[in-house]
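Have a look at the structure below before the remarks.
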Amino acid sequence: MALSDQQHKQMQSALLAALKEGTVAIPTLLLKYYKRMKLTELEVMIVIHLIASLDKAKNDFPTIDEIQAQMTAPPEQVISGLQKLMNENFIAIDEEVDDASGIQYERYNLDLLYNKLAANLIEDHEALRLQRLSQVPKATAASQGKDIFTVIEKEFARPLTPMELETISGWLDKDAYREELILAALKEAVFAGKVHFRYIDRILLEWSRNRVATVEQAKEYTQRFRNSR
């Protein structure tokens, strides 16, 4: 059953009130991908209440009544939403045993949801990587044999994390650094024995502040810096 405009407004008001009482750490990726994952706003609100219960109230297993009491949706919609989230492997219920008392208890587990969000992010970055690779001139692609993501991944000797992939995309799209300049910064990081993203970002920022825009300028700037030490 589709939610009315009034129900949407009521849910927004409820979220605003909750945020004023204390910050709820809502994953940005949840807001970005819930539509793609075919979740409704009602189901997202259920997830948000579960996150709040786990993080703020320290209640690992809120009852349906406790969840519904914080929402404007009718009980049957809340129950239906929870069932869908479990049936479609967005959330799970784990059975655990308290070490001290030996009492068995249940708790909600959101790892399945987080895995789906991570998979969507990786899918987006892979699509972006392939798109960028297809845009590399054939002569360049033939001579290099790989794109910037692959070069950096090889230098790190491990798969890049979603956050690292997003950092590279930010260098290219937001900061508008040239690929060859990023690779030059990577070489400087390797030379300094500090192969991590924070150090590469510091190099790029330093070059940007000093209007270093080409590999040649970067070499000259680096040489002057080393000679001055």
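Miscellaneous remarks
- Residue check for Val151: at pLDDT below 90 and not charged (D, E, K, R): yes
- Considering residues of the stretch 211-229 that are exposed (fewer than 13 other Cβ atoms within 10 Å of the Cβ) and polar (S, T, N, Q) only, the residue nearest to Leu183 (Cα to Cα): Gln223
- Pair list, Cβ < 8 Å and 6+ apart or interchain, from the stretch 125-154 residues that are in the same structural domain as Ala189 (by TED's automatic domain parsing) and part of a helix (DSSP H, G or I) to residues that are modelled with pLDDT of 60 or more and surrounded by fewer than 12 Cβ atoms within 10 Å (Cβ to Cβ): Glu153/Pro159
- For the stretch 56-71, a residue qualifies if it is at negative phi and either among the charged types (D, E, K, R) or part of a loop (DSSP other than H, G, I, E, B) (or both), and the qualifying residues are Lys56, Ala57, Asn59, Asp60, Phe61, Pro62, Thr63, Asp65, Glu66, Gln70, Met71.
- Taking the criterion of being assigned to a loop (DSSP other than H, G, I, E, B) and either on the phi < 0 side of the Ramachandran plot or not assigned by TED's automatic domain parsing to the domain that holds Glu96 (or both), the residues of the stretch 36-55 that qualify are Arg36, Met37, Leu39, Thr40.
- Top-ranked residue of the stretch 95-111 - restricted to ones that are part of a strand (DSSP E or B) and hydroxyl-bearing (Ser, Thr, Tyr), ranked as farthest from Asp55 (Cα to Cα): Tyr105
- No other residue among Leu160, Leu186 is surrounded by 17 or more Cβ atoms within 10 Å (Cβ to Cβ), of a type outside the set (Phe, Trp, Tyr) and assigned to a loop (DSSP other than H, G, I, E, B) apart from Leu160.
- Residue within the stretch 101-118 that is more than 30 Å from Pro62 (Cβ to Cβ) and either modelled with pLDDT of 70 or more or not assigned by TED's automatic domain parsing to the domain that holds Lys32 (or both) present: no
The values are calculated or read from the model by the stated rules, or taken from the named source; none is laboratory data. Worth saying up front: this structure is predicted, and the values here are computed from it rather than measured. A quick note on method: Cβ atoms are made from the backbone with ideal geometry, for glycine too, and the neighbour counts reach across all protein chains shown.
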